[in-house]
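See below for the structure under consideration.
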Amino acid sequence: MPQEVELPPTPRTPRERWLDAGLEALVEGGPDAVRVETLATALGVTKGGFYGYFAGRPALLDELLDEWERRCTDDVLARVEAEGGDARDRLRRAGGLTSSEDLHRLDLAVRQWARRDEAVAARLRRIDAVRLDFLRRMFATFVADPDEVEARSTLMFTLAIGRHFLAADAEAVRRAGEHLLR
């Protein structure tokens, strides 16, 4: 009787690839574009592996929000703190990190989603509060007036989010940010 050869198990598509594909779909087409079958096709796999990681599409959408929060806020703030420097350096670094094309596109996609989904909007408000608190703490180290701290924080945050909607060149946006750091 011939001896059976045991084949190695077929590797599953890593969870991170499902998340990356989901985030890309979110950026490109909003939450309606995040479909298990569509993601499987984009990954070149069957959708069966998806259910080893996620209980279903709603669970994936929740985890996409977790991933957005981690990448666009937690990781940015951790890196800013780890690299140190004075408050102005930290503000510049945070601005540089969050202005990367991939993070900014993802942040805008979540903001668009929040316009149609109250649960996402509530989460966005919570994350925006974290980001604004960081800005307030930094500005308060070199601006004494609490009203001015609030104004600069709000303007800096608005500039960071809205820069892609401006017809101004990148240098004008940079100068505006530097003006707030005076």
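The values are calculated or read from the model by the stated rules, or taken from the named source; none is laboratory data. The structure presented is a predicted model; accordingly, all values stated were derived computationally and were not measured. Cβ sites come from the backbone with ideal geometry, for glycine too, and all protein chains shown count toward neighbours.
From the residues in the range 151-182 that are more than 19 Å from residue 124 (Cα to Cα) and charged (D, E, K, R), which one is modelled with the highest pLDDT?
So, considering only residues that are more than 19 Å from residue 124 (Cα to Cα) and charged (D, E, K, R), the one modelled with the highest pLDDT is 152.
Is at least one residue of the range 29-50 of a type in the set (Lys, Arg), assigned to a helix (DSSP H, G or I) and at pLDDT below 95?
Taking every residue of the range 29-50 in turn, at least one turns out to be of a type in the set (Lys, Arg), assigned to a helix (DSSP H, G or I) and at pLDDT below 95.
Can you pull out the helices (runs of 4 or more DSSP H) entirely within the range 86-182 that have at least 3 residues that are among the acidic types (Asp, Glu) and crowded, with 16+ Cβ neighbours inside 10 Å?
none
Is the range 71-82 home to any residue that is more than 17 Å from the chain's Cα centre (by Cα), within 21 Å of residue 137 (Cβ to Cβ) and not aliphatic (A, V, I, L, M)?
Checked against the condition, which is being more than 17 Å from the chain's Cα centre (by Cα), within 21 Å of residue 137 (Cβ to Cβ) and not aliphatic (A, V, I, L, M), the range 71-82 yields at least one hit.
Where residues in the range 21-56 are loosely packed, with under 14 Cβ neighbours inside 10 Å and of a type in the set (D, E, K, R), which of them is nearest to residue 116 (Cα to Cα)?
32
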